[in-house]
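Okay, so here's the structure we're looking at.
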Amino acid sequence: HELRTPLAAIRAQVETIDRAALDAPSREALDQVLRGVDRSTRLAQQLLRLARADRLDRPDAPEACLHEALASVVSELFPAAVRQDTELELAADPVMLRIRPEDLGMLVGNLVENALHHGGPGGQVRVSCGSEGGVAWLRVEDAGPGIPEAERARLFARFRRGDGARAHGAGLGLSIVDSVAGRLGATVTLGRSADLGGLSAELRFPPEATV
C-alpha cells in the first residue's frame, strides 16, 4: 500500500506534462518514465496479492457469483485492453460458488491481467465460465504466442516467466493463482487455446464449492 500511493502520485504528475510541447526524444523519455511507473505499480500490486494469497486461514466462505466477478474484472480492465488494441470478450454462464470475494477477485484478476499482459497488443482475450457435472470452471484464453508444453509447469514458480514472455512481466500472476487455487482445493491447467491459438488457463473448483 505504501508503494502504490506514491507511484500513483508520480504518474498523475507526469500526465500533466503537455506532450505536444515536447520534441520526439523528450516524448520517448516521458513514455519510458510512464512505462517504468506502470511496471512498478503492477509489481507492487502483485506482491500485495501474493501476501494475501499465502494466508492460511480458511473461514467459512459465503456464496459468490462467478459470472458477476468476471463481468466486474472485465469492466475494470477494459480501458487497458482498449489502450493496447486488444479485443476483450466475455462469455459467462451463471455460476454460484462458495468462496471469499477476495480469493475470487485474485483468481479472476490475475488470470485476465496475465492474458492481457502476455497476449500482446492487437490481439484477443476471451474470458468464460460455466459448470459441468456439478463442477464450476473458469477459462481465460488469449491469441498470443502461447507457452510450449515443456515450460508450462515452471510458470507457477514465483518470479518465473516463459522464455518467450514479454520482458517487463514480474512472473507472479500465475503463482498467485496457483497459491489461491491450492488453498481452495481447485486445480489450474495450462494449455493451448483451440480457438485463439495462444495460452489457455483453466481453473476448476472442487464440487463442494459449487452451489
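The values are calculated or read from the model by the stated rules, or taken from the named source; none is laboratory data. The structure displayed is predicted, hence computed values, not measured ones. Because the Cβ atoms are built from the backbone with ideal geometry, glycine has one as well, and the counts that use them run over all protein chains shown. Accessible surface areas use protein heavy atoms only, side chains included; no ligands, DNA or RNA. Shrake-Rupley method; radii C 1.70, N 1.55, O 1.52, S 1.80 Å.
You will find that of Arg161, Arg183, Arg192, the residue that is at pLDDT below 85, over 21 Å from Glu102 (Cβ atoms) and not acidic (Asp, Glu) is Arg161 and no other.
Screening Leu56 with (1) open to solvent by 70 Å² or more (accessible area, probe 1.4 Å); (2) at pLDDT 85 or above; (3) more than 19 Å from Gly198 (Cβ to Cβ) gives one miss only, at (2). Taken over the stretch 92-123, residues that are in a strand (DSSP E or B) and either surrounded by fewer than 19 Cβ atoms within 10 Å (Cβ to Cβ) or under 11 Å from the mean Cα position of the chain (by Cα) (or both) amount to 3.
Taking the stretch 115-158 as the range and being touching a Lys or Arg at 6+ places or on another chain (Cβ under 6 Å) and at pLDDT 95 or above as the test, the residues that pass are Ser128, Trp137, Glu141. Of the residues making up the stretch 71-87, just one is of a type in the set (Gly, Ala, Ser) and loosely packed, with under 13 Cβ neighbours inside 10 Å, namely Ser75.
When Cys65 is tested against the conditions (1) closer than 22 Å to Ser131 by Cβ; (2) at pLDDT below 90, the lone failure is (2). Residues in the stretch 187-199 that are part of a loop (DSSP other than H, G, I, E, B) and either free of Cβ contacts under 8 Å to residues at least 24 places away in the same chain or β-branched (Val, Ile, Thr) (or both): Ala194 only. Restricted to the stretch 124-148, and to residues there that are open to solvent by less than 20 Å² (accessible area, probe 1.4 Å) and in a loop (DSSP other than H, G, I, E, B), the residue that is farthest from Ala80 (Cα to Cα) is Gly146. Go through the stretch 171-211 and give me each residue that's under 17 Å from Ala150 (Cα atoms), open to solvent by 30 Å² or more (accessible area, probe 1.4 Å) and polar (S, T, N, Q). Correct list: Thr189 only.
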